[in-house]
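Reading through the structure tokens given below for one structure.
Coordinate-derived values only; no laboratory data. Computed from a predicted model, the values in this text were never measured in an experiment. No Cβ is skipped: glycine too gets one built from the backbone with ideal geometry, and neighbour counts run over all protein chains shown.
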Amino acid sequence: AQSVTQLGSHVSVSEGALVLLRCNYSSSVPPYLFWYVQYPNQGLQLLLKYTTGATLVKGINGFEAEFKKSETSFHLTKPSAHMSDAAEYFCAVSVNNNDMRFGAGTRLTVKP
Amino acid sequence: GAGVSQSPRYKVAKRGQDVALRCDPISGHVSLFWYQQALGQGPEFLTYFQNEAQLDKSGLPSDRFFAERPEGSVSTLKIQRTQQEDSAVYLCASSLYRGLYNEQFFGPGTRLTVL
């Protein structure tokens, strides 16, 4: 079965600094990979997804992630953090149409 | 409506009480998903509907959990004889079609607290 591990339950960066949120997956077949963001009292919102093709995926709000099969990773990055990026971020993996497995989440704090 | 809505947003139940959680998906969305999110954890898949058919209920933790979507739109997740371990946020999501090329849109969730 597929699974996801997010390294670091809390990440704190300064405004303008690089954001790096780590995600490693386990899957016996080629996976689909996702990053979701959850703002307080709101539903999860899709940031970006990898299905097939180009391994560098660009998403909303300046985020991007790179699928590295050799490292079984799908880390999320943003060159310059903004205060509005403070939220909970979830990595997810799926190998079929209905069963999406989420990581435990990483809470991003942005310091002024 | 513009998005997925869920009601109630907060529910407090005494242990042993039955609860019903409602999900209104985006109009026209064929697929509907329920997830359970425990405190400090990511969402965990509970069940999946395609129209009114419940195609996957492998994530339901016990036979106390029951979900339905009788007319292929609104869905209800029912938990009978609630236990403290049922305390969590219950998320509903819908997508236009089946398949991961179709984004799942999530509702704000219902926070259930069982005393």
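Based only on other Cβ atoms within 10 Å, what is the fewest-to-most ordering of B:GLU103, B:GLU71? Walk me through the numbers before you get to the answer.
Numbers: B:GLU103 14, B:GLU71 9.
So the residues, fewest neighbours to most, are B:GLU71, B:GLU103.
Using a simple spin-label model with points 7 Å from Cα along the Cα→Cβ vector, what separation in nm is obtained for A:GLU66 and B:ARG64?
4.8
For chain B, build the charge dipole from Cβ charges (+1 Lys, Arg; -1 Asp, Glu) around the Cα centre, then report which of B:ALA38, B:CYS92, B:ILE26 sits farthest towards its positive end.
Checked the options; the winner is B:ALA38.
What average number of partner chain Cβ atoms lie no more than 10 Å from the Cβ of the residues making up A:100-110?
Values: counts 10, 4, 7, 3, 4, 5, 0, 1, 0, 0, 0.
That average works out to 3.
Using the number of other C-beta atoms within 10 angstrom as an exposure proxy, rank A:SER9, B:SER94 with the fewest first. Present the calculation step by step, with values, prior to reporting the outcome.
Numbers: A:SER9 12, B:SER94 26.
Least to most surrounded, the residues fall as A:SER9, B:SER94.
Starting at the first residue of the stretch B:64-81, write each ³J(HN,Hα) from the Karplus equation 6.51 cos²θ - 1.76 cosθ + 1.60 with θ = phi - 60°, in whole Hz, x for Gly and Pro.
Result, rounded to whole Hz: 7, 9, 9, 10, 9, 8, x, 10, x, 10, 5, 10, 10, 9, 10, 10, 9, 6.
Name all residues of the stretch B:1-45 having a backbone nitrogen under 14 Å from the label point set 7 Å from the Cα of B:THR76 along its Cα→Cβ direction, giving them as ranges.
Backbone N within reach: B:7-8, B:18-24.
Per residue of B:15-21, what is the mean number of Cβ atoms on other protein chains within 10 angstrom of that residue's Cβ? Write out the running numbers ahead of the final one.
Details: counts 0, 0, 0, 0, 0, 0, 0.
The shielding value for this peptide is 0.
State the cysteines of the protein assembly as shown left without a partner when partners are defined as other cysteines whose beta carbon lies under 4.7 Å away.
That list is empty.
Given +1 on the Cβ of Lys and Arg, -1 on the Cβ of Asp and Glu, and no further charges, what dipole in debye does chain A carry about its Cα centre, rounded to the nearest 20? Don't skip to the end; give the middle numbers.
On the way: 9 positive and 7 negative charges, 18 e Å.
Once rounded to the nearest 20, the dipole reads 80 debye.
Give me the extension gain from B:SER27 to B:GLN41: residue separation times 0.36 nm, minus the current Cα-Cα distance, reported in nm with one decimal. Numbers along the way, then the final one.
Numbers: separation 14, 0.36 × 14 = 5.04 nm, distance 2.93 nm.
Answer, rounded to one decimal: 2.1 nm.
Which of the pairs B:LYS11/B:LYS57; A:LYS58/A:LYS111; A:LYS69/B:LYS78; A:LYS69/A:LYS111 have their Cα atoms more than 30 Å apart in this structure?
Working: B:LYS11/B:LYS57 23 Å; A:LYS58/A:LYS111 24 Å; A:LYS69/B:LYS78 40 Å; A:LYS69/A:LYS111 33 Å.
Pairs exceeding 30 Å: A:LYS69/B:LYS78; A:LYS69/A:LYS111.
Rank these for me by crowding, B:ARG81, A:ARG107, going from fewest to most other beta carbons within 10 Å.
On the way: B:ARG81 12, A:ARG107 16.
Fewest to most other Cβ atoms nearby, the residues stand as B:ARG81, A:ARG107.
Would you tell me the mean number of C-beta atoms belonging to other protein chains that fall within 10 Å of each C-beta in A:38-44, as a whole number? Intermediate results must be reported in sequence, preceding the final value.
Numbers: counts 7, 1, 0, 4, 5, 13, 12.
Rounded to a whole number, the mean comes out at 6.
To the nearest 20 debye, what charge dipole does chain B have about its Cα centre, counting +1 at the Cβ of each Lys and Arg and -1 at the Cβ of each Asp and Glu? Mind dumping the intermediate values first?
Values: 12 positive and 11 negative charges, 79 e Å.
With only Lys, Arg, Asp and Glu charged at Cβ, the dipole is about 380 debye.
Averaging the inverse of every distinct alpha carbon separation and then flipping it gives the Kirkwood radius. What is it for chain A, in angstrom units? Each step should come with its number before you reach the end.
Details: mean 1/r = 0.0714 Å⁻¹.
Hydrodynamic radius (Kirkwood, Cα pairs) of chain A is 14.0 Å.
Which whole-number percentage describes the relative contact order of chain A, with Cα contacts under 8 Å and a sequence gap of 6 or more? Don't skip to the answer; put the middle values down first.
Working: 284 pairs, mean separation 42.3, N = 112.
Once normalised by length, the contact order is 38 percent.
Out of all Cα-Cα pairs in chain B, roughly what percent, to the nearest whole number, are more than 22 Å apart? Intermediate values should be presented prior to the final figure.
On the way: 1654 of 6555 pairs.
I get 25 percent for the Cα pairs in chain B exceeding 22 Å.
Quick one: what are the phi-derived ³J(HN,Hα) couplings along the stretch A:27-38, Karplus 6.51/-1.76/1.60 with θ = phi - 60°, whole Hz, x for glycine and proline?
Karplus-based 3J(HN,Hα) across the stretch A:27-38 equals 7, 8, 10, x, x, 9, 10, 9, 10, 10, 10, 10 Hz.
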